[in-house]
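Have a look at the structure below, then the notes.
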Amino acid sequence: MRTRHLLPFITITSAALLLTACGSGSGGPGGTDAAGVGGTSDRVPTTDVVSAEQKDGAAAKLLPAGVTSLTVAVSVGGTPPGTTYLPDGKTPTGQDIDFTKAVAKVLGLELKVEQASFEAILPALDSGKYDVGASNFGVTDERRRTIDFVTYVNDGQGFATRKDSKLTRITDLTQLCGLTVATGAGTTFEATLEDNAHVCTDAGKKAYQVQTYSEQGAIWSSVQQGRSDVVMSTINGLRYAVAHQRGVKFLNEYHRLDVGFAFKKGTPLAPAFRAAVNKLIADGTYDKILKKWGTTGSAIATSRISPPEPKN
């Protein structure tokens, strides 16, 4: 797949190659197991499902006057369906990349795509360094206080561990008491674990320990080498990793979240992006992107602007 065929124009610049994620989900009822991603068990899928998309005049008219190009921040360094690299080692690809390119084509936008560390993107939106963040950002009530979102999939938080672990399903964080949990820096997973750090001591049990990493590979190495007991990460990312690594198993989905494009609070771009996502849903490109990345269980019926976090 040639990137220049997918957008009016894309410029890639390098910053940092760090962890992607913050909510994803697939598999199980209505989902697709990650082992079937792209029809191959080991390679990053390269099917072009975006370049045929056409500009939609009605959606494009919702853009603020004079807006013809945007700077989009992505975090690269995870595993599919998160943002990773094509075999050339320098071209980013992944579900978020495909959705970003497809929306840009619907809106007739020129994009400058910049790579950044995951935890740096949301703060940089407020400063105006980037116009949009597209790195599987989970929509939480905490984030909605300072960030606007336009949703495009429904994913979530989940757990995985070594196959020899006695853990089978985590439905309450007290099940983690006394354990060491590996997760990504700056993610909803870190926030969930830190916000609930009191649950073990409240129950008279030994607190769990949180280990954060900026690189996906380091998280899995920590678990496989016994430095951590369990991983908390995106559901889609966990399913993919478990399907491609020996000695680890997926435990369960823990908390579902909508995932969306991220913007500075009060952005005038949100209505246009919502219309573009809904156009992709209506014309079938949306389903093609999900099938490519094995995430059909993450489909949404319609895009929304900053919906409240579910209480499940």
Note to self: Out of the strands (runs of 3 or more DSSP E) lying entirely within the range 91-162, which hold 2 or more residues that are more than 18 Å from the chain's Cα centre (by Cα)?
What the structure shows: 110-115, 147-162
Check: Can you tell me which residues in the range 105-152 are in contact with a helix residue (DSSP H, G or I) (Cβ under 9 Å, 6 or more places away or on another chain), of a type in the set (Ser, Thr, Tyr) and surrounded by fewer than 20 Cβ atoms within 10 Å (Cβ to Cβ)?
Finding: THR146
Margin query: Quick test for you: out of GLN225, GLN245, pick the one residue that is in contact with a helix residue (DSSP H, G or I) (Cβ under 7 Å, 6 or more places away or on another chain), on the phi < 0 side of the Ramachandran plot and free of Cβ contacts under 8 Å to residues at least 40 places away in the same chain.
Written below: GLN245
Note to self: Tell me the residue from TYR208, TYR240 that is under 24 Å from PRO80 (Cβ atoms) and aromatic (Phe, Trp, Tyr), please.
What the structure shows: TYR240
Notebook entry, point to check: Can you find even one residue in the range 293-301 that is touching a Lys or Arg at 6+ places or on another chain (Cβ under 7 Å) and modelled with pLDDT under 95?
Noted result: no
Next item on the list: Only one of these is at pLDDT 95 or above, buried (at least 16 other Cβ atoms within 10 Å of the Cβ) and either in a strand (DSSP E or B) or within 20 Å of the chain's Cα centre (by Cα) (or both): VAL72, VAL37, VAL76, VAL44. Name it.
Entry: VAL72
Item checked: Filter result (under 21 Å from ALA262 (Cβ atoms) and surrounded by 24 or more Cβ atoms within 10 Å (Cβ to Cβ)) within the range 159-185 -> THR183, GLY184
Margin query: Take LYS129 and tell me if it is assigned by TED's automatic domain parsing to the domain that holds SER51 and either in contact (Cβ under 8 Å) with a residue 60 or more places away in the chain or in contact with a strand residue (DSSP E or B) (Cβ under 7 Å, 6 or more places away or on another chain) (or both).
Written below: no
Notebook entry, point to check: Does PHE261 qualify as being within 30 Å of ALA160 (Cα to Cα) and either surrounded by 16 or more Cβ atoms within 10 Å (Cβ to Cβ) or not assigned by TED's automatic domain parsing to the domain that holds VAL103 (or both)?
Noted result: yes
Next item on the list: Can you run down the residue pairs with Cβ atoms below 6 Å, 6 or more apart or on separate chains, where the first is in the range 165-181 and over 13 Å from ASN196 (Cβ atoms) and the partner is basic (Lys, Arg)?
Entry: GLY178/LYS206
Note to self: Would you confirm whether or not the range 92-100 contains a residue that is farther than 27 Å from GLY217 by Cα, of a type in the set (D, E, K, R) and in contact (Cβ under 8 Å) with a residue 24 or more places away in the chain?
What the structure shows: no
Notebook entry, point to check: Tally time: how many residues in the range 84-104 are surrounded by 24 or more Cβ atoms within 10 Å (Cβ to Cβ) and among the charged types (D, E, K, R)?
Noted result: 3
Next item on the list: Go through (1) over 25 Å from THR93 (Cα atoms); (2) at pLDDT below 95 one by one and return the number of the condition ASP155 breaks.
Entry: (1)
Checklist line | Residue count for the range 250-301, restricted to those that are among the polar types (S, T, N, Q) and within 18 Å of LEU107 (Cβ to Cβ) | finding: 3
Check: What number of residues in the range 211-246 are surrounded by fewer than 18 Cβ atoms within 10 Å (Cβ to Cβ) and among the aliphatic types (A, V, I, L, M)?
Finding: 1
Next item on the list: Could you tell me which residue of the range 86-124 is nearest to SER51 (Cα to Cα), considering only residues that are polar (S, T, N, Q) and out of contact with any Leu (no Cβ under 6 Å at 6 or more places or on another chain)?
Entry: THR100
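The values are calculated or read from the model by the stated rules, or taken from the named source; none is laboratory data. Bear in mind the structure is a predicted one, so any value in this text is a computation, not a measurement. Heads up, the Cβs are rebuilt from the backbone with ideal geometry, glycines too, and the neighbour counts pull from every protein chain shown.
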